[in-house]
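Novice: Dumping the structure here so I can ask a few things about it.
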Amino acid sequence: MSTARTFAPSFLWGSATAAYQIEGGVAEGGRGPSIWDTFSHTPGRTLDGDTGDVADDHFHLWRQDVAEMKRLGLGAYRFSISWPRVQPGGSGDFNADGIAFYSNLVDELIGAGIAPVVTLYHWDLPQELEDAGGWTNRDTAYRFAEYAAKMAHELGSRVSVWTTFNEPWCAAYLGYGSGVHAPGRTNGADALAAVHHLNLAHGLAGRAIREVLGDDTKLSITLNLHVTRPDDPTSAADLEAVRRIDDVGNGAFLGPLLDGAYPATLFADTAHVSDWSFVLDGDLDLIRVPLDVLGVNYYSTGRVRHFSGEGERSQADGHRDSDASPWVGVDDVEFLPQPGPYTEMGWNIEAPGLTELLVSLHAAYPDQPLMITENGAAFDDSVAPDGRIHDAGRVAYLHDHLEAVGVAIDAGVDVRGYFVWSLLDNFEWAYGYSKRFGIIRVDYDTLTRTWKDSAYWYRELLRTRTLPAIESAPTLS
Ligand code: PNW
């Protein structure tokens, strides 16, 4: 039995979305094509050939969506800017209509008392830049910094937090390694080059934003950090497997962003894939900019063991099947199925993993404020005969993970806020519309928005700032 828990008045409560997942309007208002338009329109890339052409039609329904947020009582809204909407080719001319769309959205949010938390890149690279090499091309990092500076200039101090990237891990390893995300390339060396150029782009953009807006501006990046357990904690080989996944998955970003260096072991582990000659003198100084807050996306955990090379290797790492692995250079590690329960994504539910992650981040970076920029769950949310959506599984998931955040706060971790993924059901990348993460249901035929029980639950939580007690308190492992 847990007891009720009240969060501090300064704790930021929000919900999150991403441009390509909700906007639609892909050929409207002067928007250029992105790698996700190309990818989703390529047969076989997304489930049932789903695309973001219409999505939630947020491009037209944005005022209504902000009204829903206001009804929910959100303190903040995390959304992403579609780069090709504001700069169709990724370099050169900007598109005034595209910029106006986001400027109006920001004004509407502020008018509703909601703090805009902006992400500059949630995976929708302008196609023209991909044609020139995408994130394997160092030049893309400089183009990104120009785009960032322009947006800082246009939206200015109306934006509460500027986030450069959402999950560069996905952009690099799923986009260029396993190929299950756009641009769908499967080359380990390219994926590592993408990792570095995304890091570099973060540093260049962070500096550019600070130059435009001054030191008061709040700068951030959001990472999906991997909580990975050894199958046998007494096995040195399994612990080594965890270390390798940790380096490729977490250290490749945390290292340069917060420590000013890549883990030396990462270079050694991936030497057979890449010589990392794309890391130039001075890059690491450019990448490390003080982060006002580090965004943490958390959904699930992983379990690995050393793979001896014999028999079939299990790859139950929660990623959609691909012959190529996103774990570049890590050939002797096996991902094992986790015990349930699971969400519809097949991801295991393990709230204490979030406490663990936050506590370990705080131990490594004691002065670094943190924020949960995504947490949520896909469930089959059918509409009940009473017309409501009784998503008890999602309510339990959100409750237990907020409890896990509370436990971390009690342990001294500086967590500034929490954003539910997602405000609306939306285009779940390679899974198309088959997975629903929203606290608000979207009927894809009528585009009608309907609050699920979780939305009513979240509204009450935001009103009281108090997480009610539940019968089965999550236990810390
Ligand atoms: C995040 N993985 O994606 C994204 O930021 C969202 O756009 C997305 O809708 C949400 O989580 C739910 O999937 C991820 O394979 C996609 O580890 C894949 C992974 C992690 C996060």
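Novice: Mind listing the long-range amide H neighbours of residue 228? Cut-off is under 5 Å, sequence gap 5 or more, other chains count too, H placed in the peptide plane at 1.01 Å from N.
Specialist: For residue 228, the qualifying residues are 302.
Novice: Need one number: nm distance between label points at residue 27 and residue 54, each 7 Å from Cα along Cα→Cβ, rounded to one decimal.
Specialist: Reported label-point gap for residue 27 and residue 54 is 1.4 nm.
Novice: Another question about this same structure. Looking at the calculated P(r) for the range 427-469, what percent of the C-alpha pair distances fall above 14 Å?
Specialist: The answer is 59 percent, as a whole percent.
Novice: How big is D, in µm² s⁻¹, for the range 1-132 by Stokes-Einstein at 4 °C and 1.567 mPa s if Rh is the Kirkwood radius over C-alpha pairs? Walk me through the numbers on the way to the answer.
Specialist: On the way: Rh = 16.0 Å.
Taking Rh from Cα pairs, D becomes 81 µm²/s.
Novice: Quick one: Cα convex hull volume of the range 287-356, Å³ per residue?
Specialist: Dividing the Cα hull volume of the range 287-356 by its residues yields 151 Å³.
Novice: Provide the per-residue ³J(HN,Hα) series for the range 44-59, in order, calculated from phi with Karplus coefficients 6.51, -1.76, 1.60 and θ = phi - 60°, each as a whole number of Hz, with x at glycine and proline positions.
Specialist: With the stated coefficients, the range 44-59 comes to x, 8, 10, 4, 6, x, 4, 10, x, 3, 10, 6, 8, 6, 4, 4 Hz.
Novice: Can I ask one more? Rg and Dmax of the range 172-263, Cα atoms, in Å?
Specialist: Calculated on Cα positions, Rg and Dmax stand at 16.1, 52 Å.
Novice: Assuming 0.890 mPa s and 25 °C, estimate D for the range 385-477 with Stokes-Einstein, Rh taken as the Kirkwood radius over Cα pairs, in µm²/s.
Specialist: 165
Novice: Something else now. What's the long-distance tail for the range 148-302, i.e. % of Cα pairs beyond 24 Å?
Specialist: Here the long-distance tail beyond 24 Å is 38 percent of all Cα pairs in the range 148-302.
Novice: Can you tell which of 121, 254, 322 lies farthest toward the positive end of the dipole of the range 12-464, using +1 and -1 charges on the Cβ of basic and acidic side chains (Lys, Arg; Asp, Glu)?
Specialist: In the range 12-464, that residue is 121.
Novice: Rounded to whole Å and sorted largest first, what semi-axes of the equivalent ellipsoid does the C-alpha gyration tensor of the range 88-155 yield via the square root of 5 times each eigenvalue? List each step's numbers first, then the result.
Specialist: Numbers: eigenvalues 136, 29, 20 Å².
Gyration-tensor ellipsoid for the range 88-155: 26, 12, 10 Å.
Novice: Determine which residues of the range 265-304 fall in the zone a paramagnetic label at residue 462 would reach in this model, i.e. backbone nitrogen under 11 Å from the point 7 Å along Cα→Cβ.
Specialist: none
Novice: Then there's this: Percent of Cα-Cα pairs more than 27 Å apart in the chain, please.
Specialist: Roughly 52 percent, rounded to a whole number.
Novice: Report, in whole Å, the centroid distance computed from the Cα atoms of the range 261-302 and the range 39-108.
Specialist: Cα centroid of the range 261-302 versus Cα centroid of the range 39-108: 29 Å apart.
Novice: Next up: Rounding to the nearest 20 debye, state how big the charge dipole of the chain is about its Cα centre with +1 on each Lys and Arg Cβ and -1 on each Asp and Glu Cβ.
Specialist: Result for the chain is approximately 1260 debye, rounded to the nearest 20.
Novice: Under the 0.36 nm per residue contour assumption, what length would be gained going from the current alpha-carbon distance of residue 277 and residue 331 to full extension? Numbers along the way, then the final one.
Specialist: Working: separation 54, 0.36 × 54 = 19.44 nm, distance 2.17 nm.
Full extension from residue 277 to residue 331 adds 17.3 nm.
Novice: Next up: Working out 0.36 nm times the residue gap between residue 447 and residue 234, then minus their Cα-Cα distance, what length gain in nm do you get to one decimal?
Specialist: Working it through step by step, the gained length comes to 71.4 nm.
Throughout, read-outs are computed from the coordinates displayed, never taken from laboratory work. None of the values given here were measured: they were computed from a predicted structure. We place every Cβ from the backbone using ideal geometry, glycine too, and count neighbours over all the protein chains shown.
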